[in-house]
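The values are calculated or read from the model by the stated rules, or taken from the named source; none is laboratory data. Everything quoted here is computed from the prediction, not taken from an experiment. Counting neighbours? That spans all protein chains shown, and the Cβs are built from the backbone with ideal geometry, glycine included. Keep in mind that these areas ignore ligands, DNA and RNA; they rest on the heavy atoms of the full protein, side chains included. Shrake-Rupley method; radii C 1.70, N 1.55, O 1.52, S 1.80 Å.
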Protein chains: 2
Amino acid sequence: MTNGAQALMKTLVDAGVEVCFTNPGTSEMHFVAALDSEPKMKAVLALFEGVATGAADGYARMADKPAATLLHLGCGLGNGLANLHNARKGKVPVVNIVGDHATHHVQYDAQLQSDIETVARNVSPGFVRTSKSTAALSQDVADAVVAARGYPGSVATLILPADVSWGEGAVPCVVPPQPKAPVASDEVVNAIADAIRSGKKTALLLGGRSLREPSLLAAAKLAAHSCVKILAETFPTRIERGAGLPPVERLAYLAELAGIQLADIEHLILVDCKAPVSFFAYPGKKSYLVPDTCTVHTLATPEQDTAASLEKLAAAVGAANTAPVLQAAQRPGRPRGKLTAEKACKAIAHLLPDNAIIVDESITSGLMLNVMTAGCPRHDILTLTGGAIGQGLPNAVGAAIACPDRPVLALIGDGTAMYTIQALWTMARENLNVTSVIFNNASYSILNVEVERVGAVEVGPKAKSQLDLHGPVMNFANLAQGMGVHGMRVHTVEEFCKALEYAQSQPGPHLIEAMIPEALNGFKRRIMPWMLRAVPNLPLAATRALKKKMAP
Amino acid sequence: MTNGAQALMKTLVDAGVEVCFTNPGTSEMHFVAALDSEPKMKAVLALFEGVATGAADGYARMADKPAATLLHLGCGLGNGLANLHNARKGKVPVVNIVGDHATHHVQYDAQLQSDIETVARNVSPGFVRTSKSTAALSQDVADAVVAARGYPGSVATLILPADVSWGEGAVPCVVPPQPKAPVASDEVVNAIADAIRSGKKTALLLGGRSLREPSLLAAAKLAAHSCVKILAETFPTRIERGAGLPPVERLAYLAELAGIQLADIEHLILVDCKAPVSFFAYPGKKSYLVPDTCTVHTLATPEQDTAASLEKLAAAVGAANTAPVLQAAQRPGRPRGKLTAEKACKAIAHLLPDNAIIVDESITSGLMLNVMTAGCPRHDILTLTGGAIGQGLPNAVGAAIACPDRPVLALIGDGTAMYTIQALWTMARENLNVTSVIFNNASYSILNVEVERVGAVEVGPKAKSQLDLHGPVMNFANLAQGMGVHGMRVHTVEEFCKALEYAQSQPGPHLIEAMIPEALNGFKRRIMPWMLRAVPNLPLAATRALKKKMAP
């Protein structure tokens, strides 16, 4: 006899869902027991649900197919919510399985009873289903897989009551192959081709799947042929970049700078992304960043095939055979002297191994990373797609499991690292080739920037203490050791480089704690000039005007 | 001018809400800035939202009034959900404040945009409100305070858009005093008095507020006068106990044992609790634990005054002046030999300081705690009311802030500790008198019990690895040191006792990592006999029958 959990497991594996990131409880024990019924299913235990969901996100970004999660009722889902949010915003497929009480137990409102579906709708607006019977379970799972891996990818939540899982007589189900995504229509392509041919300043804004090589190459043909600017959304799900790939300019996080990047654009062509808006609202400032004089076109929605649509557009403007401009190989030299966030980025760029996966949740500390690594050997960068911090370390776990032969570098702020620090244990247990760099400046330094930007000018000692991570300063090397990860705390650039080289030479996980100066205070005076340097190719006049406006 | 955040702060403080547990982001910066406008408002920073919400829960359990939280949008609420769930199930008041984007920014669906209200309804079924304007904000806050601190206490969620917070021209609001809770009606009291007088076997099941001294003394009069058995719900929000207070028998977690405790009861009288059900469902077993032959009465609902209702009942049966039986002072001797979970509990009972607050999330390791500490100096125990693990360390933070002059002892399983381990940093920063004991058996040992109880009998190596915390074994002393808490790893009973004595003699936080043997395997053969010893006064015949049934 096959029970529900076993049929579910077979349905998943046959559909190519071969990894499950788990944090189970009693109601999931039959699912857990069924793991051994499917040799192809790999189960990876996390000590906290946010690690499991963030790992599923990172895995799917790199594997291009979903993993499953296994969470324990509504509270387990709550703990996993932030990273499912990041997956949702990144259009990343996740088959999110949440155990529940047996159907007959629900009426008693036992301790762990809660309304799971309400929580799930936050991250799974398109697919939330409570499986009603063992007979229906396999089809429910198949539907969840189809929903998750569609265009766009999404989080599909299947709620699995314990008795549905333990019930006997289940039959696995075949998940249909994924249909191809449609290509942009002739009408849309021709209208956009007209805009490009108009000679007005035109930019492609690439997001989602269009930041991968096939789309980038097509976009680069347009750039080379018709002077179309190529921009990437601020927080890519996964961007392929480095020497030999087309260079792409990312929109800046700061609306003040993104505004300059977009200032002279007359036609903005969206590919698998939305028109840019500021991350937060600020008093008296616009949220919508597209200039009033700019016309916005959509070449490909997240439901469409971005590479084929871009190729079609390239053909329409006569760029089908144009040679794209590719990034030349170049790296910065080995930095020396006092360790700062910028020098750490420089060292990373100096030493970045081939084919690396960078998970970037370094917030302010990684500001110069993009500039520094632009000509490094080909690599991927995964970023904080939904703004819910705590994504980086778990994403690195998932990426390393998806790509065991590639080195993973997780660049993480000290504040952000603490949301899902438990990920280190899973790195140790799975012996993952992840080097985590924690930038320890003992501050939520982005908030020290933002508090000024939102106009909360009178900041007293109590308010300041809420943005400050002193008293005590964390020791991440100790935390790493506590979870079985080799940890190194470094104070100089030389130590940092040596630690990076050591980590790259030794398999398994490492953590490098970079002790960097406290966050800069003074947004206008000190932060903004730094941020300006992080965005290459800004028009000089506009930056001068901004500097003047910002001057005290 | 007063902005929304400042008026909110004044409204809270004037209503006695004087502590805010925070993990803010950009959208909360005006709230943060307003902290300095109210000298009476204490702000306590947490590095993870689950710490903030669990601390608010622990604070309110001890302070008997709500604290506020400050969380960052839907994802921050998600991270805080599990401990808000525990507060909800414990009927604990929390004013849960969740920042949101400015109202005009919502339309753009920026990265952190999500449907906050859907998530909030999971834990705040009675009060979820998004404040619509600065003018309305103070009244919204007042309504949230009233909703939170009602009978029963609840989690009231106020969603605070950034522009509502930063808007000017707000006026603080006066929160009305809390009305008295009603007392059980004559009709109800007389019917229950009749049941007691019938001479049939009768038990009071006390929960919620009725586990505090006034209710316990009234219940103990009934026990002394009419042979009514006094039972406590399995997971009390806060139980006052020890020498000089009436002894109370807690219902066991295991349905098998709770069934014996309830087997001969003919009238079960509920006081601020529900009729007992099993924590989880098990194949072929009943969830509802009340015998078919037992009549269930409700003396006081969670909306009512439990102490006055119990006194009224005592008067009705003529027990108004009966002397209650009180627990005699007694402690176990100093244990010696190999360190086990049981010996650690014995050592704790041997050394428990006066007036301690015990936060018990030790799961299997704390099984003997109740028996061992029954005659210790008067103390409170706070337990895992909602079953969402990760409650203990944050609860201890809140309890210590509510009661700075009382020693707090947090007893935590290794698995559970990892959900909210970030609480240690807040203990260090606030220099709280909390001693955390982590029972390190490198196992989710409760799941090793449960996997057998749910009948998942074929457990292969992959399944086993999901219940196991080896590879690597965590080092909690290192983790403590990484967050600025003095950590001690102990391997013997002597070391454990010395560490406890040291921790009690030195102010500020300490962590003792008790290295105990791996979880026992074999539920029927080894765990059940142990669990039987943890429940005193079970009828001999019933326990014999159970042992026989359990025998292999």
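Counting just the residues of the range B:121-140 that are within 14 Å of chain A (Cβ to nearest Cβ) and surrounded by fewer than 24 Cβ atoms within 10 Å (Cβ to Cβ), which one comes out nearest to B:Ala7 (Cα to Cα)? So that I can check it myself, show each step before the final result.
Kept after step one, since they are within 14 Å of chain A (Cβ to nearest Cβ), are these residues of the range B:121-140: B:121-126, B:128, B:134.
Filter once more, so that each one left must be surrounded by fewer than 24 Cβ atoms within 10 Å (Cβ to Cβ): B:121, B:125-126, B:128, B:134.
On the way: B:Arg121: 26, B:Pro125: 26, B:Gly126: 24, B:Val128: 20, B:Thr134: 9 Å.
Out of the qualifying residues, it is B:Thr134.
Of the listed requirements (1) in contact (Cβ under 8 Å) with a residue 40 or more places away in the chain; (2) closer than 14 Å to B:Ile192 by Cβ, B:Thr301 misses just one: (1). Return yes or no: is B:Arg197 at pLDDT 95 or above and under 30 Å from B:Ile446 (Cβ atoms)? Here the answer is no, as B:Arg197 does not meet what is asked. If we scan the range A:389-396, do we find a residue that is surrounded by 24 or more Cβ atoms within 10 Å (Cβ to Cβ), of a type in the set (S, T, N, Q) and more than 8 Å from every other protein chain (Cβ to nearest Cβ)? Yes, there is a match, as at least one residue in the range A:389-396 is surrounded by 24 or more Cβ atoms within 10 Å (Cβ to Cβ), of a type in the set (S, T, N, Q) and more than 8 Å from every other protein chain (Cβ to nearest Cβ). Can you pull out the residues in the range A:438-490 that are part of a helix (DSSP H, G or I), modelled with pLDDT under 95 and within 24 Å of the chain's Cα centre (by Cα)? A:Ser445, A:Ile446, A:Leu447, A:Asn448, A:Val449, A:Glu450, listed by residue number. The residues of the range B:19-47 that are β-branched (Val, Ile, Thr), more than 12 Å from A:Ser465 (Cβ to Cβ) and more than 7 Å from every other protein chain (Cβ to nearest Cβ) amount to a single one, B:Val19.
May I ask you to list the residues in the range B:373-387 that are of a type in the set (A, V, I, L, M, F, W, C) and over 10 Å from the mean Cα position of the chain (by Cα)? It would help to see each step written out before you state the result.
Of all residues in the range B:373-387, those of a type in the set (A, V, I, L, M, F, W, C) come to B:374, B:376, B:381-382, B:384.
Answer for the range B:373-387, where residues must be of a type in the set (A, V, I, L, M, F, W, C) and over 10 Å from the mean Cα position of the chain (by Cα): B:Ala374, B:Cys376.
Listed here are the residues, each with its yes/no results for (1) more than 28 Å from the chain's Cα centre (by Cα); (2) open to solvent by 70 Å² or more (accessible area, probe 1.4 Å); (3) not charged (D, E, K, R).
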site: A:Tyr502; (1), (2), (3): no, yes, yes
site: A:His510; (1), (2), (3): no, no, yes
site: A:Glu518; (1), (2), (3): no, yes, no
site: A:Arg525; (1), (2), (3): yes, yes, no
site: A:Arg533; (1), (2), (3): no, yes, no
site: A:Arg544; (1), (2), (3): yes, yes, no
site: A:Met550; (1), (2), (3): yes, no, yes
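Somewhere in the range B:441-453, is a residue open to solvent by 20 Å² or more (accessible area, probe 1.4 Å) and aliphatic (A, V, I, L, M)? There is at least one residue in the range B:441-453 that is open to solvent by 20 Å² or more (accessible area, probe 1.4 Å) and aliphatic (A, V, I, L, M).
Residues B:Glu256, B:Glu213, B:Glu249, B:Glu240: which one is over 23 Å from B:Ile357 (Cβ atoms) and of a type outside the set (Phe, Trp, Tyr)?
B:Glu256
When restricted to residues that are surrounded by fewer than 24 Cβ atoms within 10 Å (Cβ to Cβ) and in a loop (DSSP other than H, G, I, E, B), the range A:26-53 contains 4. Exactly one residue out of A:Thr435, A:Thr420, A:Thr416, A:Thr426 is outside any helix (DSSP H, G or I) and within 14 Å of another protein chain (Cβ to nearest Cβ): that is A:Thr420.
Within the range A:276-383, which strands (runs of 3 or more DSSP E) (wholly inside it) include 1 or more residues that are under 17 Å from A:Leu411 (Cβ atoms)?
A:356-361, A:379-383
A search for C-beta distances below 8 Å between a residue of the range A:220-232 that is closer than 16 Å to A:Ala275 by Cβ and any residue that is in a helix (DSSP H, G or I) and open to solvent by 40 Å² or more (accessible area, probe 1.4 Å), counting only pairs 6+ apart in sequence or on different chains, returns nothing.
Please tell me if A:Asp186 is closer than 27 Å to A:Leu84 by Cβ and out of contact with any Lys or Arg (no Cβ under 7 Å at 6 or more places or on another chain).
Working: closer than 27 Å to A:Leu84 by Cβ: no; out of contact with any Lys or Arg (no Cβ under 7 Å at 6 or more places or on another chain): yes.
No; evaluated as a whole, the condition is false for this residue.
A single entry from A:Glu266, A:Glu187, A:Glu240, A:Glu233 fulfils the requirement of being of a type in the set (Asp, Glu) and buried (at least 22 other Cβ atoms within 10 Å of the Cβ): A:Glu233. Contact annotation: residue pairs with Cβ atoms under 8 Å, 6 or more positions apart or on different chains, pairing a residue in the range A:304-316 that is at pLDDT 95 or above with a partner that is buried (at least 21 other Cβ atoms within 10 Å of the Cβ) and among the charged types (D, E, K, R), are A:Gln304/A:Asp272; A:Thr306/A:Arg209; A:Thr306/A:Asp272; A:Ala307/A:Arg209; A:Ala314/A:Lys221.
Being out of contact with any strand residue (DSSP E or B) (no Cβ under 8 Å at 6 or more places or on another chain) and either open to solvent by 10 Å² or more (accessible area, probe 1.4 Å) or within 9 Å of another protein chain (Cβ to nearest Cβ) (or both) is a property that holds for B:Thr118.
Which residues, taken from the range A:141-162, are surrounded by fewer than 21 Cβ atoms within 10 Å (Cβ to Cβ) and out of contact with any Cys (no Cβ under 6 Å at 6 or more places or on another chain)? Before the answer, list the steps.
Here is the first cut: in the range A:141-162, the ones surrounded by fewer than 21 Cβ atoms within 10 Å (Cβ to Cβ) are A:142-143, A:146, A:150, A:152.
Residues satisfying the conditions are A:Asp143, A:Val146, A:Gly150, A:Pro152.
Here the condition is being surrounded by fewer than 24 Cβ atoms within 10 Å (Cβ to Cβ), in contact with a Pro (Cβ under 9 Å, 6 or more places away or on another chain) and not in a strand (DSSP E or B); of B:Ala56, B:Ala87, B:Ala102, it holds for B:Ala102 alone. For B:Glu266, the conditions (1) closer than 18 Å to B:Ser309 by Cβ; (2) more than 14 Å from chain A (Cβ to nearest Cβ); (3) not hydrophobic (A, V, I, L, M, F, W, C) all hold with the exception of (1).
Can you pull out the residues in the range B:245-275 that are at negative phi, assigned to a loop (DSSP other than H, G, I, E, B) and not hydrophobic (A, V, I, L, M, F, W, C)?
Matches in the range B:245-275: B:Pro246, B:Pro247, B:Tyr253, B:Asp264, B:Glu266, B:Lys274.
Assess whether A:Val493 counts as being at pLDDT 85 or above, among the β-branched types (Val, Ile, Thr) and either within 30 Å of B:Met29 (Cβ to Cβ) or buried (at least 23 other Cβ atoms within 10 Å of the Cβ) (or both). No: the conditions fail for A:Val493.
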